[in-house]
Amino acid sequence: MTALTESQRARRPLFELLAVELAPRDGRWAAVARIATGSAITVAIAMVFQIPQPTYMAYIVFLISKDEKNATVTAGLGALIAADPEMSVTVDLEQQTITRGNRSFAFAIDPVSRNQLLNGWDDVDLTDSHRNRIAAFEAKNRARRPWAQPPRPR
């Protein structure tokens, strides 16, 4: 009975660690979706372009997955190029195609991310691109609800 108790005590830290690591938290599903999507895309690219061992490439997604989708795409393309550095890869963001050798395939990207990549913008730059619309809204809001505005210093 003592050996069983010691065995249970030895497993307790592992179960506690797993409980903490697997507990729901903000952003977990987004990360899971990003990694699963990245893995599927990586395997599809490997199969389309006949890169050997696509299974290994799927594991690369875990190493390159970033919090920001643009960084993940960039790292993924870097891994694709590293798989066979002699073969060139062309990404045409305007036409939304990736070409490697004599093979080409289309990819989808949401319009906001595409616009950011084409312009070299981060999220702050994207917000700044709407400066005039934001200023117009603020002016209209001040006129419509003057009571909601903080007093201006004199």
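The values are calculated or read from the model by the stated rules, or taken from the named source; none is laboratory data. Computed from a predicted model, the values in this text were never measured in an experiment. As a convention, Cβ positions derive from the backbone with ideal geometry for all residues, glycine included, and neighbour counts pool all protein chains shown.
Some notes on this structure:
- Remark: pairs (first residue in the stretch 5-32, part of a helix (DSSP H, G or I); second residue polar (S, T, N, Q) and modelled with pLDDT under 65; Cβ separation under 8 Å; 6+ apart in sequence or on different chains) = A31/S65.
- Failed condition for G76, given (1) assigned to a helix (DSSP H, G or I); (2) at pLDDT 75 or above; (3) surrounded by 12 or more Cβ atoms within 10 Å (Cβ to Cβ); (4) among the small types (G, A, S): (2)
- Pairs with Cβ under 7 Å, 6+ apart, first in the stretch 113-135 and under 15 Å from Q96 (Cα atoms), second surrounded by 11 or more Cβ atoms within 10 Å (Cβ to Cβ) and among the hydrophobic types (A, V, I, L, M, F, W, C): R114/L93; Q116/L126; L117/L93; L118/L93
- Exclusive hit being over 15 Å from the mean Cα position of the chain (by Cα), at pLDDT below 90 and over 30 Å from R28 (Cβ atoms), set P146, P54: P146
- Elements of type helices (runs of 4 or more DSSP H) contained in the stretch 79-154, each with 3 or more residues being within 30 Å of A46 (Cα to Cα): 111-119
- Checked against the criterion of being β-branched (V, I, T) and surrounded by 12 or more Cβ atoms within 10 Å (Cβ to Cβ), the candidates T127, T99, T90 yield just one match: T99.
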